Every structure is written in C-alpha cells, then in structure tokens.
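Take a look at the structure set out below.
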Amino acid sequence: MKRLNEQVAARRTKILILVGSIVTIGLLASEAWRENFGGAWRAWQTEYRSRLKPRYRAGFSVELRQVFLPDLGRVDRCQSCHIGIDDPAMKGQPQPLTAHPGNLLAKHTPDNFGCTICHEGQGRATYLPDAHGEGIEWNEPLVDGQLVYVSCARCHVDNMPFGETTEFFGGRVSEHEIFSGQLTRTIPGAKQLNRGKQLFVSSGCLGCHSYRGFGGTLGPDLTHVGDQEPHDYDYSNLPPGVPHTPLAWLEAHFLSPGTVSPGSAMPNMGLSRDDAAALAAYMRSLRAVDVPAKYRAPSMSPKGEPASGAQLFGLFCAGCHGRDLRGGKNAKIHTPSLANPDFLSVASDEFIKTMILHGRSGTLMPAWSKHGLTDAQVTRIVGYIRSHESKGANLTKTAALHGSADSGRALYGKHCANCHGLRGEGGIGTAVLGKDFLMLASDRMILRTILEGRPQNGMPSWHDLSGSEVADLLAFLRAAEGPAVSEADVESQLAKSRPGAVKAGEVLYQNNCASCHGGKGEGALGPSLSTPEFLSTASDTFLIRAIRDGRPDTAMPAWKRLSATETADLVQFLRSLAPVTFTPAKARSDPGDADYGSLLYRKLCAECHGEAGTGGPDNELANPVFTATASDGFLFEAIRRGRSGTKMPAYGANATGSHATPAKTPLSDEQIAGIVAYLHRFAGRGERTPVWPSTRPDDAKLGREVFEGSGACMACHGEHGEGALGPGIANPRFLDEAGPGFVMGTIVHGREGTAMRKFGSWGTKALSPQQVKDTVAYLRVRASDKTRLPRRFPSTGTVGEGRELYERTCAKCHGPDGKGVEAPSLNTPEFLNAATDGFLLATIARGRRDTKMVPFGPSSSGGEQHLSAEEMRNIVHFLRSWQSPSTVEPDTDLPRRGKALYERVGCFTCHGRAGKGGVPDWNYAGGTVPSLNNLAEQMGLFEPEEVKAVLDAMRAKRDLLALKKLPPLEDLQGFQDQYKRVRELIQTGKTASKRDVNGPPPPLNMPSWREVLSPREIEAIIAYCLSLQKFE
Amino acid sequence: MPALRELAHNLRRLPGNMKNAFLRHGAPTSDRARSQAVFSNFFLHVQSTRVHRHSLRASTTWALGIIALVLFVILCVTGVLLMVYYKPSATEAYDSVKDIIYVVPVGRVMRNVHRWAAHGMVVVVLLHMARVFYTASYRAPRAFNWVIGMCLLVTTLGLSFTGYLLPWDQLAFWAVTIGSNIAQSPRELTDALGITSSFDPGGFAKHLLLGADTVGQEALVRFYLLHVIVLPALACVLCGVHFWRIRKDGGLNRPAGVDESEPEPETSRPVFSETSDKSYALVGIVKGRSPVVDRGPEHTVPSWPHLLYAEMLVLVLTTIVVLVLGYTLDAPLNVLANPEVPENPAKAPWYFLGLQELVSYSAFSGGLLIPTIVVIGLLLIPFLDREQADTGVWFSGAAGRRVAWRSAVFATVFVIGGLAFSVNYGWLRDWYPHIPQLVITFVNPGTLYVLGIACWSLYVTKRTDSTRLGAIAVFTCFLVAFAILTWFATFYRGPNWGFYWSRASWPVVH
C-alpha cells in the first residue's frame, strides 16, 4: 500500500481547494456578468444610440426597458431590444430596431398598452427565443401580420358575435335579443378577423356550438375557445407539415374536420384555405374578457334593429340545414332540406315553429327555446324559411283564365287523387267531385283553397302549380257538374206548360228549396219567394238563372243538376205561389242620377244591404248573378213596391200592387231611379270578401248547443270543430276561403257521397235557419280561438294493422321503433305533438321530392306500394300509439271497428245512431229509413248465444258462408242465406221504392258501397249491427 | 477614572477579544490547538479530533457520504432560494416556475442546480450504500447505522419524488400519478380476494398521499409540505444520528491489519503527549480501551487540517460539478399539467422505473411485495451476516470479488433473459386468458427474479460456506437487477408500456 505523506497531501489539497474556489467564484461571476452586462438587448440599444443624432445621444442610456401594467398583469420588456418602435426615424430599418408599421401606436401607445397584449410572446424574457416563445414550451408564441388583429378582440369586445353582452355572468343568457348591428360589426383594418366573423355568423356554427349560452350543445362551447392553450389540442391527426399550434390546428380542422378530429360530427363546410384561416383567426379571438374596463374600446355603433330571420338562420341553422336550406352535406348529420316545396306546402308555420322551439329529441335538432332563442326570433326564422317557398299563382289572374278540363283531369290524377280519391270520393281529403260540393263552392273558394292550401288539415298550398294548371283543375272540377241547361230549353218547356208540372215542381221544391225558402216560399235563410211583389216583377229568365247559377258565395247553390224540365217545373210551381201575373216593368227613359242614388243608398239601404251591396247571404245586391239578371225595371219595382212579409218596405210614395209596409221616408220615382243607377256600379266587382251574418251575443252559445247537441256536428267534426271523421271546420282559413254561404249551404244541403247529410228540412233533426246561423256563429268563435287543436283523423283500423303496414312500408328507413335509420326520426314527442295528422297523411300520400320519401298515395307513380286512405290512416294511427300507448286496441274487436266504420262512412246519417233508424224519407214506401238494431233477428238469430257464436266466428275470421256447423245455431242455412242477402244489399245498394208511384223518387236511397268498403269492412259493419241486438 | 480607561482599553482590545471568544483558545497553530478547535466547535465536533490515515484514502470511501451531504446542503440552499418565488398552487405553480426561469436573477441556474443535485444525490446515496456494503462496514457495532442509512435512502427517494410534482407540468403530473398508483398497488391483492370494498389499504395509501382521487391541489400542497418541511427535517435528524453514530462506532471501518501493514508516519505524534497529566473521566463510560475505540492512536492524524481540507475539497468539487451541469443543461419543463391528456407512456421518475417495470407485471407484487422484500432484506443484512473476517476490505478479498463478478453475470443473464422472454412470449395472461389474477400476482417475472436471486444466494452461501459471500451475491444481484430494470424501462419501454428498440420507433399515439 502506498505510503501516505500527510504533509504533501495536505498542501496539495489546499491548492486544489484554492483552484476549486476560484473556479466556483468564476462560474458565479460569469453568471452575474451574463445577468448584468450580457444580453443582446444591450448591443441593440448601443447600436440604436449610435444612430441617434449627437444631441440626443447624451440623454440616451442603455438600460433594461420595461412597461409595467398591473391592470393587465403584464411586464413587457420588449422595448429593450425593439428600442425604435415609436421612433418614426427608424422606419424601414431591420428588426428589432424598426419602427412599428402603420399608425396603430398613435392610439395604442406602448407605455399604456405594452406589446404582448397584441403580439403575445413572453414579455418578461430578455433573450430572443424565450421572448418570442419559439422552441420552448410557451403557450403564447409571438404573432405578427394579420394574426395580430386576433388580439384586437381582447379590448374591442364588440367584435364578438353579439358584441359586449355584459349581462353574461358565465351562465346561460336566454331570451336575449340579438341585434343586427352586433352581427355585422367589424374592426377597421382587421380584414382576416372580419372575414372570420362574417363566416361565423353566416355558417350556422351556433347550431352545434354554443356561445355565451346561445347555441347548441353538440360541439364544444366556443365562448372562450381563444383561451385554449396549445396542449388543449390533439395534434396526432394533423397532416404532416402542419405546425402544432392551436391556430394551425383550427385551420386544418376547418378544412377537414373528420381527419383532424376523428369521430367528429362537424360537417366539412367546404371553406377555401383563406376562409379557413380567417375563421381560425376569429376563433382565436373569442376569449374571456380579462382586460379592465378602461382598456375596452367603446361601442362602435348603436345596437339598432333586431337580427333578421336570415341573420338568425345564418347564425344558428345554416350549419346543419345548409346556407341554401338544402340540408346538410355531412354524412353524419341527416338534416332535412327546408327549401323542399313538398315540405313547405304541407308544413304549417306553427309546425316549423314548434319544431324549432321544442326540437326533436332523438335527433340532433335541439329545443331552441332552451338555447337562447325567443319566440319572436323563431317567428322571424320561420318567416325566412317561408320566404323560400315559391309565390304561387296569382289568384285574380288565375280566376280570369279558362282552363281545359282534360288537362285538369291529368293534373287531378297526379296531384289530388292521392288524398281526394281517384273519383273524387274523398279519402284523406274531402270529397270534391260531388255535385253538392260543386254547386256550393264558388270558383274563388276552390282556387284559393288550391293555391293557399289548408296546412293544418294537410291540404298543401300548391305554389308550384302554374296559374293555368290551377285553372285547368278548376275546369275539371266544374266539368264534373255536367253542362248547365240553357235558358231557351227551359223557356220552351215553360211554353209547353205540361200537366202535373206544378205538382212535380212542388216535390222538387220540398226536397231542395224548402229548407231555406220555407215550405210555402215564405223565406227563412233565403229570401221569400212567394210575395206578389216579387213574382209580379221577376221575369222567368231571372228565376231560371237564379236557380241554375245560384248566387255564388252564398248559401244559394247553382242547381245545374236540374234538367230543363225540372227547372221549368220549379218555375211554374213558384209562379203558383201567388195569384199574380208577371208584367215586365217598363224601362224608364231617363236614367237616374247615380251619385244622388249613392247618397240615398248609404242613408236608406246600406243598413241591410251593406255599404257595397254585400249585405250578407240573404240580401246581397252585389252578387254577380244577381247584377247580371236583375233588370232596371225589376230593381225599380222592387224598391218601389217593397216585399211583403219581409223587412223590405215599399219606398214608392203610392206603391200600387204592394202589400209591403210603406217606408217611413217615401222616395220619388226619380230618387228610386237614382238608386237603381247606383246599383249598377256593383256589377263587375271582382274580389268580394265574404260578409258574415251579424250575430247576437247569444248566437254562439246557442250554436254550441246545436254543434254539440242536437245537430251532433261534434261527432264528425271533432269536439271543437278541429275535424275528426269529417274535415276540420273551425279553421279560420277554411271559414275565410269558404265564406258563410258555403258553410250554411253545406249544412242545409249536406254532401252526397259523404257522411255529411242534409240538416235542412229533410233530416232526423232538421235545423231551423236560425240554428244554422247560430252554428256558423259558433264556428267563427271557435276559429278565432288561438288554442286550436290539430285535426285527428280517426282510423277504423287498429294499431295492429297500422303496425303491420308500418313495418312493411316505413320501418326500413324510419326504423322499427320510429327512431330513424336513414330517414328522420318520427318517434319523438316533439314531432308527434307538432305534426298534425294532416301533415303526416299528406307527407305519406305525396312523399317528398329529392328525398327517399316516395309518395304512397293511391295514384302515385313512383311508390312501390300504394296505400289506400284507410291504410295511411292506420299507419298514422299506429304512429300516434307511440304518443299515447293506451290507445292500443285489441286486434279482434270486429264490432268496435264496425262501429267506427258505421260512423265514418255515414251509415248513421240515414239509419240513425246505434242503428235506431227512423229518418223520414219523402215518398218512400216505408216512410222512414229502416232501423238496423234488430238486424240479428232479421237474420234469424233469436238467442244471445247464437249472436255470440256468429260474432265469435267472424272475429276468428272464418267465412260464415262456408261454415259447416255453428253449435248453438239451429238454422245455419237460413242464417247464411240472410247473411248473404244483407251483404249483397250493402255492396250493390238499393233504390227506395215509391209510395206514390207517380210522385218523385224518394231522396234517400241505399247507395252501393262496393267501391268504398272492402268485404272485411262490410263484415265489420254487419258484426256491429248484430251486436246491437237487445234481448229482453 | 479607571473604568473609563478600562473601557478604552477594552475598545482597543475588542477585535482580539472577539476572536478569542470565538475560538476560545489560541490560533490553531499546533495540533493540540487544532484538535481543540475541532473539539470545541459545534459544527466540527461531530468529527473526532484525530482521524485514521486509512479513512482519508480516497479508495476507502470515494467520499460518497460527504458528497451526499454536500448535495443535501446545496439542495437546502437552492431549495430555500426557490421557495422565495415558488407558489404551491395548482393555478400558479407552473407560472411561478416559469418566472423563476425567466425573471428571477440566477433563478434558472438555481433551479437547474437543484434539479441535478437532487438526481445526483439519489445516485450518490445508492453508491454510498454499495460502498458500505462491499467494504462490509455494516457489521457490528455499525449495524444500527446501516439501518439509519436505509432510512436515509428512503427519505432521499421521498424527497426526490415529492419534489418531482412541484413544477406542475405534464412530466411531473403523470410521473406522480404513476407513483401514486404504485402506492395503490395493494388493491390488486384485495381485488383478487374480493375484499376491496371493506378493506382497501392501497386506496387508503393513495388517498393519504394525494388527498384526493387524482393529482390536484391537495396533492400539490401535501407534496410541497413533505418536500420543504417534513422530509428535510427528517433527513436532518437522521443525518445527525448517522454522523453521530459514525463517531460513536469508532469512525470509519478499516481492515484489521491496516496498522501493521505500514509504519507510523513521521509526523504523527502521540495524541496527548503535550499534557499527559490530564485525566479522562469519560473513559469510564466508553466501551473499549480508549476513546478511540478498538484502536491505538498511533496511525491517526489530526482532523484539522487533513480531514477538514479533504472535506472542503469535496465540497468545492461537488459544487463545481453541479454548477457546470446547471449552466449547461437546463432542467426540463414540459407544458402545463393537463389531467385530461395523459402522457403515453407516463413514466415515473427514473429511480422508480425499475419498480414500474415490475408493476407492469403485477401491481401488488411489483409495487409492494418485492420492494418490501428488498428493503427488509437490505435491513437484515447486518443481522444475517455476523462474520467478522475481512471487515473493511473491499469485497472481503479475492473470493468476494469473484462471487461479485459471478453474481453480476448471473443476474445480468437471468434478468435480461427474463425480460427477453416476457417481451417475446408474453406471460401467463397471454397464454391462459382466464387465469386467476392471484396466480399472476405471485408468479410473474418480478417474483421469479426475487426467487432466482434468493436461490443463487443460498447456493453461494452453501458452496462457499460463508454468509458474507452469500450476502455479496444477493446484494450484487439486487444492484444489477435494479440497474438493468431501470435502464430497460427508461429506454426500451414506449407507449402502452410496449417494447421498442428506440424512441424513434414509437408509434404516434397521443
């Protein structure tokens, strides 16, 4: 072992300690030098000083320069190197000595704002890479160029989407107005940022993302997206070469969302590279406002107008539904096209609004009432959506066109038959080809209904039909009435004056006219016809045309269905009502003074006949047919003589041949002539608004009694007139289009081929004219009620049948549970609540163009399967079962189904409720229509067990005619014969036999149901009637 | 006025008197005076006044203990400086560290020095332990000081680990998350036994450590307190005991025949030759023949200057090394901690990576069972090896050196073989997917290493008929296995703890 010489070792150790200490001190000193004398900034300041003019040089000292901004929490030492930043003389010098470009520093003085508030970077650092935040883990690297403007939003807070919403406290701001000015506001000079904002507010970003409580929750909240730090992003899916910075990430993300964020539902918005960069820059500008109030820029403009529907759509909806409303481009978000005419024509504003406000659970559509939109804002959005609907043909111009019935037929088959039936027998929609309907519906009403639709009921507005096409349709409908008889034919029949004509005329009168004009022509709902004053002045032509053409838009139908003989018979019967002879009034040689007449009319006549002669359904003077047929003499005499038995007094000072009450203010002949001259001005008035009969306060109450009670309108038209088996009639749009005449006329005359029967004099419960008026008054009250119920189309089928059909037809796209597969979800409470049956049925029947939804209606050409109206109703019935599962019916309840059919197809109108029968049938051998509640007995079933056995067999879907044995039934053969007879009777119908062989045919006949009812449905009705048997 | 004169005189004599009051004896010009200086100085008297020449040899200790102490002092000084600016808050910690780097004068260097000194201390402490072991210095009467040393080792690891979290960056956050999951490892056993819901020591340990279910503000405060108060105070106390025990156990260990092997130095004089009439009452309570227990004073030299200068040199050199490291290598600072984006792979601090490799086989056996076996095994070494021969001799002579070599080769082959096998062929779960977890807990590469090492050690003990050689075998195997596992986990483990030849071949998973 080596000897250790302590003394030598100790000395060596001492030297080593000395050297080591010197090295240590040297190391510490070098660090101290580096801190105090090193640093590039000293060199730059020295360089700067050498460029100064000599007289300034002495006052310049090289020192660390910093701006301390406690309010902003910043210490910026940038000017230690960037020493010439506010020295204009340094313009054009290389960095870091150059002056700041532009004149931005004039307002934003570095002493008050520092540098990093705009340029970011690390203000405290004094070495280049650290200060610029390059190559180190620093969250805010230096920005320059256009990107600096991103920082503007720190203080210029009203560049944010809604400006400075000071009410925002981190929670949700709901029910807050958004102003147009806020959306369009920009920062001068910040081109990229402003472009970004423009894209943000027009691309519907807030449909999925939220900003300050506005917007959806599908994507991340964007309120403070600019505050996200670099490590908040996942860079692993960026394309190679893209720097790992938030800005670059955002830009790449906007260009290809699915690539950068796998699994993201964000659609590719198809932005250009510049736009993506602009949007990314704008995103970075959305930060929490952390600058004190004194740094914030004052608002640049007042708030101004609330944001328009288009702006709101751009802000919230365009992302998913497309800026052109054509639906989304993303495969992950199936958004419906809102500009689809098929959709717009059947979706009511209420439906669209409800969908927006309450969303559609199960789909991505949120309930916007919970995401910041107010009712008024949604209304504006709906208005914007609606503005994409084509305008539709002009009503007045269309009314002037003469269409072709042949092309109308083709159009009807294509567009209308889906709902109204191939033969116009009705289905989803009402029967429109029946003569009862056509004789009451004016051209104006039909045109308006076609053009404007009735969205609540599912009748689309046919805005994409041209005017001539609509005119063609009208012509086709009118052609179904058959040609009108010519006046000459009637007059030649009159001239023959065949025997029995008056008698035949009376039957016709009693069947058709008496309900309005009274059994003896004394007048009720219609004017009185039997007064001598009238009959002595009304010419045959006047009467013939009044019967044939009716009084359009009033309850007086156009009786085109009457033959020339029948019309002549009616005229002769009318003439027989009063023992007077017609004497043509002499035409006066001097035409009256119309202006003077106008004054008189206003004073004397307007009270009853209305200011413009549209006095109401029973005393309308401006009716086109009336003005066309009433001669001056007729008018003159009518005024002069008045009309006895009515309120019309005799105005002639000494009216001969009049029994009417003399007027309080008699008129001279000249004055009457003036009025007559004035009446001519009513002729040719184009658009007439229907005038409703004035009502007394109690009318609606009485009308309600009729509606719900004796008339039982409720049974078909729904509890509140919203429609059920029959159409919805308490619909303001319907009442507006139809007018009082059509409504009252329909009540009185009924509609052939439907369940709507005559409530005039020939009914189980005839309504008096006043009751008819009361009912109409009630309907108007109901229609003005805002809380209208949607129409429900009851189905005679069962949920089970609907489900079968649904599974066969719809489930492939909409999913077996209706939650949607490829097609939109149907099974959401919001949708089912907002969608009326009409909307659903119309959509099923008509389909939706440019989507996979094909039309399923009976006349559709594209659909693989054709559904009958009943089948479509069954499907809707099934859809409704999702809404309230309790309505599920047992599948085998045949009598119940029969009952629904009995009421829907209208058996009860003649046979009475529950088959009690007893409806009088004029000149029918039996007197009244036979009752059906003893059908079991008629068919040979006398014991309850027998009925039960038969019903069981029917429920079990066994064919009764093929049965070999039915245990409790003794006489199976006899029963089967009766059954076969009844079934055939229903299928083929039966003409009622006459009591008086020479009399006219009874108005009520058993129709043929073969076309309307399927064998199974007939079976159900028979089962229902069998079940009515009461055994005592 | 004599009092005034005396005051003036006192004022004149003030510097000399103050010096005398400080030194309390004459200038340390003689050996006696130097010894007195050492003896009467609070800081120096933990040293004996004289030190054996063998202890001063570099090859005896390689100064590892002193280096560790110096590093600890450097850590305390720089740590206090950092504390001035550091804010132990989850929201401010990261920024305050940034401030220390960029804003605080010499803050960057202080932080770097603190970092490298901390890592250096772990390394040096481990090497110190190895030195003590291989020179058999753990034997009675130093057995208890070995135990204290083990406590200091654990405290050092604790200090390093708790400091790891404070920068609050991703690296820190996820390393501590992994560390706390290791603390939770008993849960694997309780899960397998199905009693976790009623008895969950692992969850309790983790909860105790973090104060919450995940690393957050609570964990930060706990770690901060542990790092700046609890563990340093504990380390100080343990150090005091450690050094005091050295003194009480007769200074550093040295081979039995070292005095005989070389002649006395010329300069050495009898210790108390100058005042031989002095009596030493303390001798009565000191074991052995003289205050310098077991040894005659002949081969000693005064601690001042020989030992103190050597220590000062070590201080200076260590300072230079950490300063140079601090100047040239910046301590890493990753991006701000983000609990939502885990690092993949999330790796514990390097000294726990060997453990993490074992935990990857089985949390319970790697995180609790094996560390417990190792720590207890290390603690028990002085009590299992009671031989007295060759104390103070490296490897206890040629036979020990041979055993150490063979053990190193055995452990290298065994552990690398085990790693290669499990990387290539997987383990039980890959072969029998439905095997009970309990089987894997007790039969996995980690437990097999322990078993293999134990068998090897027993074989060596039996073969050589020496507990000392058996101990060398097991200790060598432990060191080699620790190094290999740490190396392997550091460089060859990638995302999802998969095996990769280099970092460049890691797949991009984020």
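Restricting the trypsin sites (Lys or Arg not before Pro) of the range B:379-461 to loop positions (DSSP other than H, G, I, E, B) with no more than 11 neighbouring Cβ atoms within 10 Å leaves B:R386.
If R0 is 60 Å, what FRET efficiency do you get for B:V324 and B:R12 from their C-beta distance, rounded to 0.05? That pair, B:V324 with B:R12, gives E of 0.80.
Could you give the distance between the Cα centres of the range A:946-1025 and the range B:36-53, to the whole Å? Going from one Cα centre to the other spans 130 Å.
When the Cα gyration tensor is reduced to axis lengths a ≥ b ≥ c, the ratio a/c is 1.5 or higher for chain B, and with a/b not above b/c it is classed as oblate. Net charge of the neighbourhood of A:P816, taken over other residues with C-beta under 15 Å away and scored Lys/Arg +1, Asp/Glu -1, is 0. Close amide H partners of A:Y924, meaning residues 5 or more places away or on another chain with modelled amide H under 5 Å apart, are A:R995. Extending 7 Å from the Cα toward the beta-carbon at both A:Q146 and A:A10 defines two label points whose distance is 8.0 nm. Dipole size of chain B about its Cα centre, with +1 on Lys/Arg Cβ and -1 on Asp/Glu Cβ: approximately 1280 debye, rounded to the nearest 20.
Based only on the alpha carbon positions, what is the Kirkwood hydrodynamic radius of the protein assembly as shown, in angstrom?
Numbers: mean 1/r = 0.0226 Å⁻¹.
Across the protein assembly as shown, the inverse of the average 1/r is 44.3 Å.
Against the longest principal axis of chain A, how steep is helix A:732-749, in degrees 0 to 90 to the nearest 10, with axes from Cα atoms? That works out to roughly 20 degrees.
For the range B:1-92, the spread of Cα coordinates along the three principal axes comes to 69, 49, 14 Å, biggest extent given first.
Just subtract the alpha-carbon distance of B:S197 and B:D465 from 0.36 nm times their residue separation and send over the number in nm, one decimal.
Stretched out fully, the B:S197 to B:D465 stretch lengthens by 91.6 nm.
For the range A:949-1032, the normalised intensity computed at q = 0.23, 0.27 Å⁻¹ comes to -1.16, -1.38 (log10 of I(q)/I(0), Debye sum over alpha carbons, equal scatterers, no solvent). Each label point was placed 7 Å from the Cα along the Cα-to-Cβ direction; for A:L28 and B:L225 their separation is 3.5 nm. As a ratio to 2.2 N^0.38 Å, the alpha-carbon radius of gyration computed for the range B:357-510 takes the value 1.18.
With a 10 Å cut-off around each Cβ of B:319-332, the average count of Cβ atoms from other chains is 2.
Peptide B:46-59 is shielded by partner chain Cβ atoms: per residue, an average of 1 of them sit within 10 Å of its Cβ. Peptide A:31-38 is shielded by partner chain Cβ atoms: per residue, an average of 2 of them sit within 10 Å of its Cβ. Between the range A:358-387 and the range B:114-156, the alpha-carbon centres lie 73 Å apart. Here's how it looks for B:V51: its modeled amide H is under 5 Å from those of B:V301, B:S303, which are all 5 or more places away or on a different chain. For the range A:939-1008, the set of GluC sites (Glu not before Pro) satisfying both a DSSP loop assignment and a count of at most 15 other C-beta atoms within 10 Å is given as A:E970. Geometric descriptor of the range A:376-440, per residue, is 166 Å³ (volume of the convex hull of the Cα atoms).
Summarising the amide proton neighbourhood of A:G322: residues at separation of 5 or more, or on other chains, whose placed amide H is nearer than 5 Å comprise A:G327.
Since only A:V580, A:C713, A:G652 are under comparison, the one whose Cα sits farthest along the positive direction of the charge dipole of chain A, derived from C-beta charges on Lys, Arg, Asp and Glu, is A:C713. Measure nothing fancy, just the Cα-based angle from helix B:467-491's long axis to the longest principal axis of chain B, in degrees from 0 to 90, nearest 10. So the helix axis and the longest Cα principal axis differ by about 60 degrees. Under the combined filter of DSSP loop state and at most 16 neighbouring Cβ atoms within 10 Å, the range A:543-613 retains these GluC sites (Glu not before Pro): A:E611. Angle of helix B:231-248 to the longest C-alpha principal axis of chain B, folded into 0 to 90 degrees and rounded to 10: 50°. Its Cα centre serving as origin, the range B:357-510 has a Cβ charge dipole (Lys and Arg +1, Asp and Glu -1) of approximately 200 debye.
Taken together, the values in this text are just the output of simple stated rules run on the coordinates, not laboratory data. What you are looking at is a predicted structure, and each value in this text was computed from that prediction instead of being measured. As a convention, Cβ positions derive from the backbone with ideal geometry for all residues, glycine included, and neighbour counts pool all protein chains shown.
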